[in-house]
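Only one structure is covered here, and it is reproduced in the block below.
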Amino acid sequence: MYNFIFSYNPLSYFGIFIWFLFLDQLTPIPEEVTLLSIGYIAKQHLINPYYAGLSAFCGLTIIDNLFYWLAFSGNKLINRFKNKIGEKVQKKYIDGMEKHSVRTLLLLSFIPKIRFFSPIFAGLFHVKWRTFFLVNGFGTLIFITLYITAGMLFHNSLKYLLKELELVRHSVFVLFMIVITIVLFFKFNKKRD
């Protein structure tokens, strides 16, 4: 039943898109955890990792561009956010954006919990949209690929660990049966004597 729901229903990919477009911004669940989970589920052949990654990419790209434009246009909520950032931190990112905007944007794309602020900083510091779009898109693509792949590898590792634990469990059971047999053997031999 689950196979039918995830594999053949395009709404599952639409759900991933909606998650990254809206819900990811409202929940405390990090994007990294969601992407690892997608990789884990994809390894179980319940969803296609490429379609899931594309869905996540589209959702993240749209919301990142929205945040960029809000910051670039001087939105009041974003300006309040800017005012809460210390001058030292602002100066650090302004210098980074002025001198090495591509490198700074890429670096921000990979730092957990800071990735959310990357489009805001780019918009606040008036990085050209084309530069932001290309660098953020490339960084997002790598980010998604790495975490979905890590989720798939985690599935393989967990499967191997459970397989090893099953061997240990069987070994413990066999060892337990041998110990019981030896104990019973000696116990019955003592009663005969």
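The values are calculated or read from the model by the stated rules, or taken from the named source; none is laboratory data. None of the values given here were measured: they were computed from a predicted structure. Neighbour counts are summed over all protein chains in view; Cβ atoms, including those assigned to glycine, are modelled from backbone coordinates with ideal geometry. Calculation scope for accessible area: heavy atoms of the full protein, side chains included, ligands and nucleic acids excluded. Shrake-Rupley method; radii C 1.70, N 1.55, O 1.52, S 1.80 Å.
Some notes on this structure:
- Screening the range 129-149 for residues that are open to solvent by less than 70 Å² (accessible area, probe 1.4 Å), hydroxyl-bearing (Ser, Thr, Tyr) and within 14 Å of the chain's Cα centre (by Cα) and picking the one that is nearest to Gln90 (Cα to Cα) gives Thr140.
- Restricted to the range 40-128, the set of helices (runs of 4 or more DSSP H) holding at least 3 residues that are in contact with a strand residue (DSSP E or B) (Cβ under 7 Å, 6 or more places away or on another chain) and open to solvent by less than 30 Å² (accessible area, probe 1.4 Å) is empty.
- Checked against (1) at pLDDT 80 or above; (2) part of a loop (DSSP other than H, G, I, E, B), Phe143 passes all but condition (2).
- The listed residues are Val168, Val135, Val174, and the only one of them that is among the β-branched types (Val, Ile, Thr), more than 30 Å from His45 (Cα to Cα), modelled with pLDDT under 80 and part of a helix (DSSP H, G or I) turns out to be Val174.
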